[in-house]
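Structure first, commentary second.
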2 protein chains.
Amino acid sequence: MAEETAGALTEELTFTEAIAVELGYRGAHFAGYAEQPGQRTVAGEMRRALETVLRRPIEMDCAGRTDAGVHALAQYVSFPATAAELSMPARRLMSSLVALTPDDISIRALHRAPAGFSARFDAEARHYRYRVACGPTRPVMGWDHTWWLRTVPELDVDAMNAAARPLVGEHDFRSFCKASSAELLIADGRSTSRNLSDVSVDVTVEAGERLIVFDVAGNAFLHNMVRAIVGTLVEVGRGHRPVGWVADVLAARDRCAAGPTAPAQGLVLECVDYPSGVLTPWL
Amino acid sequence: MAEETAGALTEELTFTEAIAVELGYRGAHFAGYAEQPGQRTVAGEMRRALETVLRRPIEMDCAGRTDAGVHALAQYVSFPATAAELSMPARRLMSSLVALTPDDISIRALHRAPAGFSARFDAEARHYRYRVACGPTRPVMGWDHTWWLRTVPELDVDAMNAAARPLVGEHDFRSFCKASSAELLIADGRSTSRNLSDVSVDVTVEAGERLIVFDVAGNAFLHNMVRAIVGTLVEVGRGHRPVGWVADVLAARDRCAAGPTAPAQGLVLECVDYPSGVLTPWL
């Protein structure tokens with residue numbers, strides 16, 4: 001009954017623009033971004049907060065449906081909005097969302113976009129960062145967003161960069177996709193090709209901690225793709241596999257050819273690119 | 001009985017050198033560094049681990065007895081050691097300590113020092129860093145070691161730096177000392193003067209988060225001193241007090257004259273200076 005009423009209310013609405021909420025979150029206590037019955041999810045928390053403020057059902061799109069345990073610094077969630085909603089002070093929407101979301105979600109900014117905008121389909125690129133700490137020293141400050149390779153004294157950054165080079169460009173990344181997801185895509189006649197613009201490895205110091213960071217950017221990603229790439233490059237970095245192996249893995253188009261999936265907690269969705277001018281800063 | 005036996009064993013030992021353990025920790029779940037009956041403390045965890053490995057009672061000194069909730073990136077804990085203990089492979093001591101300490105303690109390095117070395121009395125300087133995030137955006141990655149000033153859109157860094165200048169040098173810092181501690185010191189005929197070599201404020205980006213960082217270094221610190229300095233400078237940074245006020249606070253020698261004590265979770269003991277050549281890297 002409630003749903004029918006809500007449906008009826010929605011049908012009457014005219015959406016003149018879209019709103020995009022830019023948010024960060026710590027992934028540890030979420031069963032991922034996407035809503036799942038009975039689970040604590042980022043989408044579930046965001047929808048509940050938006051529906052409470054706007055007093056209507058909200059259908060949202062997001063830039064990247066991150067897995068359980070994966071963090072985001074700048075995720076985007078969009079939904080169509082009415083003229084009345086857009087006339088509300090942005091500061092009021094912002095402070096309501098901050099108040100209505102839990103401590104592990106951070107509302108970072110509000111944007112306006114043309115009607116029909118989708119945080120998912122309009123995204124041109126997603127940028128991910130993966131943090132690794134090597135050696136016997138347990139990370140102190142970045143403990144909750146770092147993969148600690150305790151028994152690996154060091155990773156060969158040059159070797160990993162050389163190994164990563166063949167991954168840049170448009171390729172079939174089936175070797176780096178969770179096998180069950182790849183099967184579903186293929187059964188649906190959908191592509192497992194993606195276009196990566198960057199796969200690079202660097203050393204940095206963050207909050208006093210020496211880290212090896214993997215930056216991976218591309219137009220879109222398959223399920224577990226960044227984590228499979230990191231797990232594979234680490235095999236090269238620790239000297240278990242030669243540099244040329246990663247190109248062979250890519251060519252195999254078989255998940256079994258690649259290295260293990262790196263743990264979720266080291267991965268952060270860092271930012272998302274949209275065509276210039278599509279998003280107008282609102283607050 | 002157990003204590004007497006342990007005492008007897010200790011008396012027979014000849015200490016030829018000292019060992020200094022360099023460690024980090026996250027302060028959230030400790031009742032501070034110093035041991036307290038029935039409380040989870042850093043010193044308690046370290047002593048238990050060291051006594052388990054070395055099979056004897058250990059009396060330790062530390063560089064800075066951090067309060068409940070305060071973190072450390074490089075704290076030093078020292079104790080006198082026997083020739084037999086120093087002949088053990090450093091790698092074995094290190095891996096035992098890593099295994100015997102909880103997840104929120106990080107064993108970073110082992111050093112050897114001359115007999116009589118004290119991590120407390122031989123320290124020439126302690127360096128602290130305090131992190132603040134301003135504005136409505138909840139910090140994502142650094143949430144557990146940052147003070148979030150949600151209702152303060154910005155802090156005036158130039159004003160805080162100017163206000164901090166009179167604090168550098170040798171002064172009576174009684175205005176920045178927990179009142180009850182200052183009373184005890186004075187009753188004991190001990191000084192509340194300390195010598196600060198640096199009090200500076202800067203803006204940085206860490207793990208994608210814009211932060212205001214307060215760096216405070218000095219020969220030694222009174223109870224709550226860094227947090228009282230930060231709380232006082234923030235009053236200037238948000239425009240509640242003029243730049244010249246901090247010099248007046250210092251001159252007042254009265255805790256009531258200063259600003260509030262900033263929360264513990266933003267504070268990190270970053271590093272400690274010892275005279276050159278006193279510590280020999282062991283692992």
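The values are calculated or read from the model by the stated rules, or taken from the named source; none is laboratory data. What you see is a predicted model, and the numbers here were worked out from it, not measured in a lab. Counting neighbours? That spans all protein chains shown, and the Cβs are built from the backbone with ideal geometry, glycine included. These area figures cover heavy atoms from the full protein model, side chains too; ligands, DNA and RNA do not enter into them. Shrake-Rupley method; radii C 1.70, N 1.55, O 1.52, S 1.80 Å.
If each label sits 7 angstrom from Cα along the C-beta direction, how far apart, in nm, is B:Asp158 from its counterparts in the other copies?
4.6
Evaluate the relative contact order of chain B (contact order divided by residue number), counting alpha-carbon pairs under 8 angstrom at least 6 apart; express in whole percent.
24 percent
Label-to-label distances across copies for B:Ala99, with labels 7 Å out along Cα→Cβ, in nm, shortest first?
Sorted ascending, the copy-to-copy spacings read 5.4 nm.
Consider the operator that turns chain A into chain B: which A residue has a Cβ nearest its axis, and what is that gap in Å?
So the closest residue, with its distance, comes out as A:Glu206, 3.
Please name the residues of the range A:86-130 whose accessible area, counted over protein heavy atoms with a 1.4 angstrom probe, falls by no less than 40 Å² between the chain alone and the full protein assembly.
A:Val98, A:Ser106, A:Arg108
Net charge near A:Asn219, counting Lys/Arg +1 and Asp/Glu -1 over other residues with Cβ under 15 Å of its Cβ? Show your work: numbers first, answer last.
Values: positive: A:Arg120, A:Arg126, A:Arg190, A:Arg194; negative: A:Asp122, A:Glu124, A:Glu170, A:Asp172, A:Asp198, A:Asp273.
Here the count lands on -2.
Roughly how many debye, to the nearest 20, is the charge dipole of the range B:130-205 about its Cα centre, given +1 on each Lys and Arg Cβ, -1 on each Asp and Glu Cβ, and no other charges?
Details: 8 positive and 10 negative charges, 45 e Å.
Here the size comes out at about 220 debye.
Would you calculate the separation in nanometres between label points at B:Asp188 and B:Arg210, each defined as 7 Å from the Cα along the Cα-to-beta-carbon direction?
Each label point is offset 7 Å from its Cα along the Cβ direction, giving 4.4 nm.
Amide H of B:Arg238 versus every other amide H placed in the peptide plane: which residues, excluding those fewer than 5 positions away on the same chain, fall under 5 Å?
Here B:Asp156 satisfy the definition.
Heavy atoms of the protein only, probe of 1.4 Å, neighbouring chains included. What is the accessible area of A:Ser193 in Å², nearest 10?
Approximately 40 Å² of A:Ser193 is accessible to the 1.4 Å probe.
Using the alpha-carbon centroid of each, what span in Å lies between the range A:83-100 and the range B:100-165?
35 Å
If you roll a 1.4 angstrom probe over the protein chains with everything in place, what fraction of the accessible area of the range B:35-178 belongs to carbon and sulfur, to the nearest %?
Values: 2860 of 5870 Å².
The value for the range B:35-178 is 49 percent carbon and sulfur by accessible area.
Between copies, how far apart are the A:Thr280 label points? List them in nm, one decimal, shortest first, with each point 7 Å from Cα toward Cβ, please?
7.1
Please report, in debye to the nearest 20, how large the charge dipole of chain A is about its Cα centre when each Lys and Arg carries +1 at its beta carbon and each Asp and Glu carries -1 there.
Its charge dipole is roughly 520 debye.
Scan chain A and hand back the longest stretch that contains none of the GluC sites (Glu not before Pro) lying in DSSP loops with at most 16 other Cβ atoms within 10 Å. Kindly include the intermediate steps, with their values, before the conclusion.
Values: sites that count: A:Glu12, A:Glu35, A:Glu59, A:Glu124, A:Glu154.
Between exposed loop sites, the widest span is A:155-283.
With unit charges on the beta carbon (Lys/Arg positive, Asp/Glu negative), name the residue among B:Gln39, B:Pro139, B:Ala220 whose Cα is farthest towards the positive pole of the charge dipole of chain B.
Farthest towards the positive end: B:Pro139.
For chains A and B, what's the summed buried accessible area, probe 1.4 Å, to the nearest 100 square angstrom? Walk me through the intermediate numbers first.
Numbers: alone 13590 and 13600 Å², together 24580 Å².
What A and B bury together is about 2600 Å².
What is the dipole size for the protein assembly as shown, taken about its Cα centre, with +1 at each Lys and Arg Cβ and -1 at each Asp and Glu Cβ, in debye to the nearest 20? All intermediate terms of the calculation are to be shown ahead of the outcome.
Working: 56 positive and 70 negative charges, 52 e Å.
The dipole magnitude comes to about 240 debye.
Counting only residues 5 or more places away or on other chains, whose amide H sits under 5 Å from the amide H of B:Ala81 once H atoms are built in the peptide plane?
Hits under the 5 Å cutoff: B:Thr16, B:Glu17, B:Ala18, B:Ile19.
Are there trypsin sites (Lys or Arg not before Pro) in the range B:15-56 that DSSP puts in a loop and that have at most 16 other Cβ atoms within 10 Å, and which ones?
Working: sites: B:Arg26, B:Arg40, B:Arg47, B:Arg48, B:Arg55; in loops: B:Arg26, B:Arg40, B:Arg55.
Passing sites in the range B:15-56 are B:Arg40, B:Arg55.
With unit charges on the beta carbon (Lys/Arg positive, Asp/Glu negative), name the residue among A:Val278, A:Thr204, A:His171 whose Cα is farthest towards the positive pole of the charge dipole of the range A:151-283.
Ranked along the dipole, the leading option is A:His171.
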